[in-house]
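This report concerns only the one structure given below.
The values are calculated or read from the model by the stated rules, or taken from the named source; none is laboratory data. Because the structure is predicted, anything quoted here is derived from the model rather than measured. Using ideal geometry, Cβ is built from the backbone for each residue, glycine included, and neighbour counts are taken over all protein chains shown.
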Number of protein chains: 2
Amino acid sequence: MENILQNKNYRESLNKTNLRATPARLAILQYLDEAKNPLDVNTIIDYLNCQKIKTNQATVFRIMNILTNKNIAIPTYFQDGKTRYELANKKHHHHLVCEKCGKIEDVEGDSIQSLEKEIGKEHKFLIKKHSLEFYGLCVGCK
Amino acid sequence: MENILQNKNYRESLNKTNLRATPARLAILQYLDEAKNPLDVNTIIDYLNCQKIKTNQATVFRIMNILTNKNIAIPTYFQDGKTRYELANKKHHHHLVCEKCGKIEDVEGDSIQSLEKEIGKEHKFLIKKHSLEFYGLCVGCK
DNA sequence: ATGGTTGCAAACACTTTGCACATGA
DNA sequence: TCATGTGCAAAGTGTTTGCAACCAT
């Protein structure tokens, strides 16, 4: 579980995993790296269009799947049915999702490590990861 | 947040919330009540067919949405993109999802209540619920 | 009787796939 | 050069909606 994106050299990061550095891939890595929230495919496509990089859904889905398989990106599945992606790079965190405006906020810290260990042992289950989302109302909406 | 399904009188439970007691609704409530796992719509349809209750996806989705809005059922969203439902009736719990065979196991106990309070306060976020799923390998698959 | 429910088909949204063409190394 | 990647269109899923017919109360 090494940190593939350590030096923001996206091109090198791609080559290191036997992926070619295409304009779309480079731009997506940069966008994910700058993003404060997990991004869904349509948001990514809009961004690429703004950057004058012509693309389409099939390609972006393919890229996101590859980045996921190479452990460069991590998908999270929210209640609206859209998959959102973040760089695996980021510190482990959870999400606060506002049910009114849809805003997604990160919560840093892996606060349930010990719980995870305990549960895994008790249920004889090899836990590899977890997904913890809090749903409610953000400051502006409550 | 009263317990609507306290006495397994599904008909009464439905009437109490201004819902008519149709064969599909009664059977779904009973099925959910007996189920050890959250159920997705196709699984529910298969069950209804076995029970000689003719139905279709639109109807079952509509029923599940209504039950969710009436706080009788709770949806959970898993990585395979399918929504699964449980009775709101059940003790609060989390899920262990086997990434190989797909089996879903419940983990009883609301072990992160205090964490939730803490995070809500710190982020000025009104947390109404959370969703915690553990992914990995079950006894049989590891 | 009549308003809530269903069934069917069509529409939607998200995601995947096939195949010819284009391109990075 | 040539394997890898892209674009487009079509197809695959899960879910929702419109509307006429149906049925629980």
Test of understanding: among A:ALA35, A:ALA27, which residue is more than 9 Å from DNA strand D (Cβ to nearest atom), without any contact (Cβ under 8 Å) to a residue 40 or more places away in the chain and among the small types (Gly, Ala, Ser)?
A:ALA27
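Against the definition (of a type outside the set (Asp, Glu) and within 25 Å of A:ASP110 (Cβ to Cβ)), how does B:THR76 come out, yes or no? Full working, then the answer.
Values: of a type outside the set (Asp, Glu): yes; within 25 Å of A:ASP110 (Cβ to Cβ): yes.
Criteria met by B:THR76.
Restricting attention to the range A:26-60, which residues are assigned to a helix (DSSP H, G or I) and touching a strand residue (DSSP E or B) at 6+ places or on another chain (Cβ under 9 Å)?
A:ILE28, A:LEU29, A:TYR31, A:LEU32, A:ASP33, A:VAL41, A:THR43, A:ILE44, A:TYR47
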Filtered residue count, the range B:61-91, keeping only those that are part of a strand (DSSP E or B) and not hydrophobic (A, V, I, L, M, F, W, C):
7
Odd one out for A:LEU96, checked against (1) over 24 Å from B:TYR135 (Cβ atoms); (2) buried (at least 19 other Cβ atoms within 10 Å of the Cβ); (3) away from DNA strand D (no atom under 14 Å from the Cβ):
(1)
From B:LYS36, B:LYS54, B:LYS70, residue being out of contact with any Cys (no Cβ under 7 Å at 6 or more places or on another chain) and at pLDDT below 95:
B:LYS36
B:CYS141 passes all but one of the listed conditions (1) within 14 Å of another protein chain (Cβ to nearest Cβ); (2) crowded, with 16+ Cβ neighbours inside 10 Å; (3) in contact with a strand residue (DSSP E or B) (Cβ under 6 Å, 6 or more places away or on another chain); (4) not in a helix (DSSP H, G or I); the exception is number (2)
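Do the conditions hold for A:VAL97, that is, is it within 11 Å of another protein chain (Cβ to nearest Cβ), among the β-branched types (Val, Ile, Thr) and part of a strand (DSSP E or B)?
yes
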Out of (1) within 13 Å of another protein chain (Cβ to nearest Cβ); (2) more than 10 Å from DNA strand D (Cβ to nearest atom), the one A:GLU86 does not meet is (1)
Just wondering, is there one or more residues in the range B:39-50 that are within 14 Å of chain A (Cβ to nearest Cβ) and more than 12 Å from DNA strand D (Cβ to nearest atom)?
no
Could you give every pair whose Cβ atoms fall below 6 Å, whose first residue belongs to the range A:109-122 and is within 7 Å of chain B (Cβ to nearest Cβ) and more than 12 Å from B:CYS138 (Cα to Cα), and whose second residue is surrounded by 17 or more Cβ atoms within 10 Å (Cβ to Cβ) and charged (D, E, K, R), counting only separations of at least 6 or pairs across chains?
none
Residues that are more than 10 Å from DNA strand D (Cβ to nearest atom), among the β-branched types (Val, Ile, Thr) and within 13 Å of chain A (Cβ to nearest Cβ): does the range B:52-75 have at least one?
yes
Inside the range B:100-129, the number of residues satisfying the requirement of being in a helix (DSSP H, G or I) and farther than 13 Å from A:HIS94 by Cβ is 4
Which listed residue, of A:LEU26, A:LEU19, A:LEU39, is under 29 Å from B:PRO75 (Cα atoms) and out of contact with any His (no Cβ under 8 Å at 6 or more places or on another chain):
A:LEU39
